[in-house]
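A short write-up of the structure that comes next.
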Amino acid sequence: MVHGSRKETPRERRWKTPPPPFVSGANVTTADRNALRDAGWPTCWSGAAELLDWCRPFDAVLDTDGTTRWFPGGRLNASYNCIDRHVEGGRGDEAAIIWEGKLGETRAYTYRQLEDEVNAFAAALRDLGVGEDDVVTLYMPMVPELPIAMLACARIGAPHSVVFAGFSADALATRLTGANSEYLVTCDGYYRRGTALHLKSMADNACLSVEQDVEQIVVNRLDDGRSTGDHHSYADLVSDHDGAEIDPVERDSDDLLFLIYTSGTTGEPTLVGHTTGGYLAHVAWTSYAVFDLGPDDTHWCSADVGWITGHSYAVYGPLALGAATVLYEGTPDHPEKNRLWEVIERNEVDVFYTAPTSIRAFMKWGSEYPEQHDLSSLRLLGTVGEPIDETAWRWYREHVGGGECPIVDTWWQTETGGVVLSTLPGADRMRPGAVGRELPGIDAAVVNEVGEEVAPGESGRLVLTRPWPGMARSLCDGSGWGARRTSTVRNQWQYDTGDNAVRDVDGYLHLLGRADDVLNVSGRRLSTAEIESAIVGVEGVAEAAVVGGTDTMKGSKVHAFVSPESNVAGDEALRTRVRSAVESAIGSIAAPDSVTFTPSLPKTRSGKVVRRYLKAIANGETLGDTSALRNPEVVGELESLLDE
Ligand code: WTA
């Protein structure tokens, strides 16, 4: 937005340049970026690794001898890098975690306090028998004990597996089993919109239905004396181990730092592992280059720590750089719609990172809320999770960024670990509606079905054509779904991201959404297969298919097509049972926004459900040729049902 009487020229409207004071103080300038591009990817990524302290230096940047391993020979500890080295460097009294609790409580941890509590909890975990490589599941809301537990696990070399607190007991059980985890850190409960939710009873139910014995540790948040069952109290463990010092365990660069569940391309819940050295180098460097963070900054990534965004940019990235990170427990509009802006003002937040779905909600609530607050501490804004449209982009910049802040639209995935496509805020022009380019060290292409690059302006599949340090470990062995090779592009390593994109003539990428069965609702990646299996478990349901329908607020909504058994009516009662089955199997975040009953689902002659048609029907799009279907008539019936 240009202030004053002069109107924007079309060029100014299309391109935005970062303000000169930002450019002159940026971590990565245009000259730095050009030098990195000229130097090539090994230099880019060895520079990233140099942001960390290694117990043993790495022998090479990348070892591609059979498997893909980043920084082979290198040894390090993530908790040491995120805590101790800052305390040793004289920054022990600086803020590390600033927690903004639900009921207006706040709690801040300096780096020294963080070090003390992480050591005490690490000692407690060890005493309970947690050894190196044992997986510890963390099922917790946004309380400071969540990052503390993550860092305590990292300290003793035990990979954590964080399960989003909005998931149900059944979903937790699946994830405990999948990770073969015998330790669970949870919370008695938490408040959502002023109502207490009892997490511990969900944890108990989950533990009852898994085969292994699970040792539970409970953080008291509600403290209403309702936590039953066998468990250790987090507070008691920490006070019993007060003053303990645990040497950070040296991990191989390639050793697991954590596991995280996400949905795979076929919609199945999939376990993804991230490494200690590659992942940490990637998130530290992108925090430095993309979020322009340094030790004097206060960073607020509004994503829940239960998702990858919270892991990388609320915990590991900012703490690796010695910045302060804000952790917010509540919902953005409770108790008032100005809560977020109040938190930014009070904590003088420098960098704010959120999702387009939230920005659309802020727009709907109106600019009077941010206008009530002094947001001048903000110097950079970021978005992630889905494409940001130009209107939302301009509103965000004008009403949150004071018309001045650069915005980074960051594209990445659970599998990439950290940002791979974005602009660099001090070096690149911004184009509202486009994500930007590959970061230095990243190679990407938009390709057709046979893996050949398409011309600018043509859409195709976004692939990454060279490994990157934050890549999930499952992509490193060259097999599996992640590293699909195409038949004609021989010896060309390609990772198929599952997203469609188009590159414009200026080289900027525009994301067009998922091409596979991954569902992204309000920036949360849900598993269609998990939702479907909950629905078919409902008595009277024969078959179900779930697809994403477009939603102006949430990005996508969950649209279920359900075929009841022949003698069962598709009525309101069944619809309610379908919704509550999904809530109890996964959580309310996955409950279908709409349920359409149909006598059968569109299928190929070999009996495979054709989701493409269902997606088109859900979005009111034209279907094209349906003659390859075994039952083309069902498509017409479905269209007329939805028209009603
Ligand atoms: C989508 C979240 C457009 C994309 C970090 C991707 C985006 C999926 C953007 C990964 C963006 C993420 N523009 N789409 N800036 N960022 N996505 O694993 O479809 O929860 O494949 O990781 O979110 O979701 P995930």
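The numbers here are math on the coordinates, done by the rules we state, and not lab data. Please read these numbers as outputs of a predicted model, since none were measured by experiment. FYI the Cβ positions are ideal-geometry reconstructions off the backbone, even for glycines, and counts take in every protein chain you see.
A few notes on this one:
- Net length available on complete extension from ASP53 to VAL450 is 138.7 nm, with 0.36 nm assigned per residue and the Cα-Cα distance removed.
- Share, in percent, of DSSP beta bridges within the chain that are antiparallel, nearest 5: 60
- Candidate lysines for bridging to LYS16, where Cα separation is under 21 Å - those fewer than 8 sequence places away on the same chain excluded: LYS7
- With 0.36 nm allotted per residue and the present C-alpha distance subtracted, the GLU539-THR622 stretch has 26.6 nm of extension available.
- In Å, descending, principal axis extents of the Cα set of region 70-330: 44, 41, 36
- For region 125-244, share of DSSP beta bridges that run antiparallel, in % to the nearest 5: 20
- Dipole in debye (nearest 20) - region 70-330, about Cα centre, beta carbon charges: Lys, Arg +1; Asp, Glu -1: 760
- Here is the list for region 538-600: GluC sites (Glu not before Pro) lying in DSSP coil, each with at most 12 other C-beta atoms within 10 angstrom of its C-beta, are GLU539, GLU565.
- Taking a straight line from the alpha carbon of LYS554, these lysines sit under 24 Å away, with near neighbours fewer than eight places off in the same chain left out: LYS102, LYS337, LYS364, LYS615.
- Efficiency of FRET between GLU633 and GLU371 - r from beta-carbon atoms, R0 56 angstrom, step 0.05: 0.50
- Here the spin labels are modelled as points 7 Å beyond Cα on the Cα-Cβ line, and at LEU103 and ARG6 they lie 5.5 nm apart.
- Residue range of the chain that is longest and free of trypsin sites (Lys or Arg not before Pro) which are both DSSP loop and sparsely packed (at most 16 other C-beta within 10 Å): 227-428
- The length gained on full extension between SER606 and GLU458, counted as 0.36 nm times the residue separation minus their Cα-Cα distance, comes to 50.1 nm.
- Computed FRET value (nearest 0.05) for ASN34 with ALA244, which takes r as the C-beta separation and R₀ as 41 Å: 0.25
- In region 215-263, the chymotrypsin sites (Phe, Trp or Tyr not before Pro) that fall in loop regions by DSSP, at most 12 other Cβ within 10 Å: none
- Shape of region 522-643, Cα gyration tensor, a/c cut at 1.5: oblate
- Counting DSSP beta bridges with both ends in region 522-643, the antiparallel % (nearest 5): 75
- Of the two radii for the chain, the radius of gyration is 0.95 times the Kirkwood radius, both from the alpha carbons; that is the Rg over Rh value.
- Efficiency of FRET from Cβ geometry, LEU271 and VAL568, R₀ 45 Å, rounded to 0.05: 0.80
- Selection of GluC sites (Glu not before Pro), region 1-107, meeting DSSP coil and at most 14 other Cβ within 10 Å: GLU8, GLU50, GLU105
- In this Cβ point-charge picture (+1 for Lys and Arg, -1 for Asp and Glu), the chain has a dipole of about 2000 debye about its Cα centre.
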